[in-house]
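For reference, the structure discussed in these notes is given below.
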Amino acid sequence: MSRPVLNTFGPAFAALAAVMFSANDVVIKFLSGDYALHEIVLIRSIVGMGVVLCLMVPLSGGLHLLRTKRLGLHIIRALCVVFANLTFFLGLAALPLAECVAIFFISPFLITIFSRIFLKEPVGPRRWSAIALGLCGTAIIQRPGTEAFQPASLYPMAAAFGYASLHILTRHMRDTENAVSMTFYIQAVFICITILLGLTIGDGKFADQSDPSLAFLFRPWIWPTWVDLPFMVMLGIFASGGGYFISQAYRLSEAAIIAPFEYLALPLGIFWGILVFDEWPDQIAWMGMLLIAISGLYTIWRENQLRRRADRTAARLG
């Protein structure tokens, strides 16, 4: 398949993944007032595993795709995803959707920092300045030291750390592992972790919580109603489909082309927040979201410019 065609499919897959992840966030927030977090995620993961085994595996070539010599790394990577998802969803229970999504987008800055620490990649003053600007945007949204500050805003920050760790591991594994196996092991670990949480705290013994995030975490399991169950099934389709499409997007096209499409989640978060939850960002929140978006997109662009330059230099020397 030619490069122009690949560069068309890649952004299309990335945009589709952003829409599916955004819809996933809306449904999670919608259900967060009635069900336990780990119950919702368990049902989502069981459905997601069904999608992987019944659709993705057969259409991609068969069960041999799940064989791996890097099981330990798959488990560590999946634990990063579980941590990122659970902490982000805890934030969704208490924060406006758009603000939660915006804070989470400090992840490109963390990826750059982690690349410097763990991969020994150089980071110049312009990217450090962009990181500082983005963190200022985060502080503007969170408003620490004021009455407007919500401790729940720390949850999407924690989720961004998990996502950045996931990204670093994906870079390390992408040459030997495929999108189907990565999706499969993520769903498997989700199922194990949520069953463990259900067995330990699913009886509601810690459910007397005034904080909406903690109430979401410690609420007892109940049988889903017939009205809510289809939404939980949709979550499994969105999560597995979104994970597969974003992996395919990065496989088919360059990161410089794909990464900006992940930022569709920010306007989508604003749109869904207004439409579904009647959450209108104030002027301060708008300013913070704008700074995060600009600095994040610049960080992605600059990182990929430097990578291209390094590739050209290596090609000339080779």
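The values are calculated or read from the model by the stated rules, or taken from the named source; none is laboratory data. Everything numeric here is computed off the predicted structure, so don't read it as measured data. Because the Cβ atoms are built from the backbone with ideal geometry, glycine has one as well, and the counts that use them run over all protein chains shown. SASA here: full protein model, heavy atoms, side chains in, ligands and nucleic acids out. Shrake-Rupley method; radii C 1.70, N 1.55, O 1.52, S 1.80 Å.
Suppose R0 equals 41 Å. What FRET efficiency, 1/(1 + (r/R0)^6) with r the Cβ-Cβ distance, do ILE76 and MET234 give to the nearest 0.05? Numbers along the way, then the final one.
Numbers: r = 29 Å, r/R0 = 0.70.
It comes to 0.90.
Using every Cα-Cα pair within the chain, state what percent have a distance larger than 38 Å.
Here the tail beyond 38 Å accounts for 13 percent of pairs.
So how strong a dipole does the chain carry about its Cα centre when Lys and Arg Cβ are +1 and Asp and Glu Cβ are -1, to the nearest 20 debye? Show your work: numbers first, answer last.
Values: 23 positive and 19 negative charges, 360 e Å.
Once rounded to the nearest 20, the dipole reads 1720 debye.
Which of the lysines could a cross-linker span from LYS29 if the Cα-Cα distance has to be under 24 Å and same-chain partners fewer than 8 positions apart are dropped?
LYS205
Can you compute the charge dipole magnitude of region 37-120 about its Cα centre, using +1 on each Lys and Arg Cβ and -1 on each Asp and Glu Cβ, nothing else charged? Give it in debye, rounded to the nearest 20.
Details: 7 positive and 2 negative charges, 111 e Å.
Approximately 540 debye in magnitude.
Using a 1.4 angstrom probe on the protein heavy atoms only, line up THR176, THR194 by accessible area, largest first.
On the way: THR176 90, THR194 0 Å².
Descending accessible area places them as THR176, THR194.
To the nearest 0.05, how large is the calculated FRET efficiency for MET287 and ARG116 if R₀ is 30 Å and r is the Cβ-Cβ distance? Write down the numbers at each step before the final one.
Numbers: r = 28 Å, r/R0 = 0.93.
The formula returns an efficiency of 0.60 here.
Let's test the formula: R0 of 35 Å, r as the Cβ-Cβ distance of CYS192 and ASN304. What FRET efficiency results, to the nearest 0.05? Kindly include the intermediate steps, with their values, before the conclusion.
Working: r = 36 Å, r/R0 = 1.02.
Computed FRET efficiency for CYS192 and ASN304: 0.50.
Could you report region 167-303's accessible area per residue, 1.4 Å probe, as an integer in Å²? Could the numbers behind the result be given before it?
Numbers: 7030 Å² over 137 residues.
Per residue, region 167-303 has an accessible area of 51 Å².
With +1 on each Lys and Arg Cβ and -1 on each Asp and Glu Cβ, and nothing else charged, work out how big the dipole of region 70-176 is about its Cα centre, in Debye to the nearest 20. Could you put the intermediate results ahead of the total?
Details: 9 positive and 4 negative charges, 90 e Å.
About 440 debye.
Tell me the accessible surface of MET157 in square angstrom (1.4 angstrom probe, heavy atoms of protein chains only), to the nearest ten.
Rounded to the nearest 10, the figure is 50 Å².
If you add up the charges near TRP286, with Lys and Arg at +1 and Asp and Glu at -1, over every other residue whose beta carbon is less than 13 angstrom from its beta carbon, what do you get?
On the way: positive: none; negative: GLU99, GLU279, ASP282.
Summing Lys and Arg as +1 and Asp and Glu as -1 gives -3.
With every protein chain kept in place and ligands, DNA and RNA left out, what is the accessible area per residue of region 1-116? Probe 1.4 Å, answer in Å².
Details: 4370 Å² over 116 residues.
Here the per-residue accessible area is 38 Å².
At 20 angstrom or more along the helix axis (alpha-carbon based) and mean Kyte-Doolittle of -1.0 or higher, what helices does the chain contain? Whole DSSP H runs only. Each step should come with its number before you reach the end.
Details: long enough: 3-31 (42 Å, 1.12); 37-51 (21 Å, 1.52); 71-94 (35 Å, 1.90); 125-142 (25 Å, 0.65); 154-173 (29 Å, 0.63); 179-201 (33 Å, 2.08); 229-252 (35 Å, 1.04); 283-317 (51 Å, -0.02).
Going by DSSP H runs, the hits are 3-31, 37-51, 71-94, 125-142, 154-173, 179-201, 229-252, 283-317.
Which is farthest toward the positive dipole end of the chain among PRO122, GLY137, ALA259, measuring Cα position about the Cα centre, with Cβ charges +1 (Lys, Arg) and -1 (Asp, Glu)?
My answer, from the dipole projection, is PRO122.
On the protein heavy atoms, probe 1.4 angstrom, tell me the percent of accessible surface of the chain carried by carbon and sulfur.
Details: 10780 of 15410 Å².
Carbon and sulfur: 70 percent of the exposed surface of the chain.
Picking from GLY204, TYR155, ILE292, whose Cα lies most toward the positive end of the charge dipole for the chain (charges on Cβ: Lys, Arg +1; Asp, Glu -1)?
ILE292
Measuring from label point to label point, each 7 Å out along Cα→Cβ, what is the PHE9 to PHE149 span in nm?
Rounded to a tenth, the inter-label distance reads 4.9 nm.
Just to be sure I understand: with springs between alpha-carbon atoms less than 10 Å apart, which residue in PRO96, PRO267, PRO11 has the highest mean-square fluctuation in the Gaussian network model of the chain?
With Cα springs under 10 Å in the chain, the top fluctuation among PRO96, PRO267, PRO11 is at PRO267.
Sum -39500 (n - 2.57) across every DSSP H segment of at least 4 residues in the chain, then divide by the residue count to get the 222 nm mean residue ellipticity, nearest 500.
Working: 14 runs with 240 residues, N = 318.
My calculation for the chain gives -25500 deg cm²/dmol from helical runs alone.
Compute, for TYR185, the solvent-accessible surface of its heavy atoms (probe 1.4 Å) with the complete set of protein chains present, and express it in square angstrom to the nearest 10.
40 Å²
Which value, in Å² and to the nearest 10, is the accessible area of LYS120 when all protein chains are kept and the probe is 1.4 Å?
Spelled out: LYS120, probe radius 1.4 Å, area about 150 Å².
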